[in-house]
1. Run the reach check for Lys115 against aspartates and glutamates, Cα to Cα strictly under 18 Å, same-chain hits fewer than 8 apart removed. What comes back?
2. Could the peptides 132-143, 98-109 be put in order, highest first, of the mean number of other beta-carbon atoms found within 10 Å of their residues?
3. Cross-link candidates for Lys22: which lysines have Cα within less than 27 Å, leaving aside residues fewer than 8 places away along the same chain?
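FYI, it's all coordinate maths here, none of it is from the lab. The structure displayed is predicted, hence computed values, not measured ones. Cβ placement follows ideal geometry from the backbone for every residue including glycine, while neighbour counts extend to all protein chains displayed.
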Amino acid sequence: MAKILSVENEIITIGTDDGALKEVRACDLNFVPHINDEVEIYETESKTIVSKVQPQQPAMPFGNGGININVQNSQTQNGQPTVLANGTIAVNKVVYCLLCFFLGAVGGHKFYARKTGAGICYLLFCWTTIPAFIAFIELIVALFKKSDANGMILV
């Protein structure tokens, strides 16, 4: 790969792979040159074009700015909940929201998320309708959580 070795006024000196030096004008570049930039040189009989080689970007752990929960082990097969190291649980968003809507008053979504203590509290106090109100709020929160590529959310 060719590299820019020096930038002086309107003349840019480029070192090629074979050890040769090539001088080009600044107007032949389609970018602002800096020393050590890697470039590719394209030449015809009448024209020389120099393009900057973009460095390979490392993969972002949270691609596209969102959260990507990509846990691959035996516990994530068939959309089953997965307990993560920090105590949060990755569950399928659709299943969690449906359980929250239809069985939220008796804690069905809590049992699905492996939070049995909270599920038992919902079951014990379901006659007061307080768990139903809390489940409705949790449904709204879960609906607005961004799911990963596998459709999982953290609860």
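1. Result set, ordered by chain and number: Glu138.
2. Numbers: 132-143: 15.7, 98-109: 20.7.
Highest to lowest by the protection proxy: 98-109, 132-143.
3. List returned: Lys3, Lys47, Lys52.
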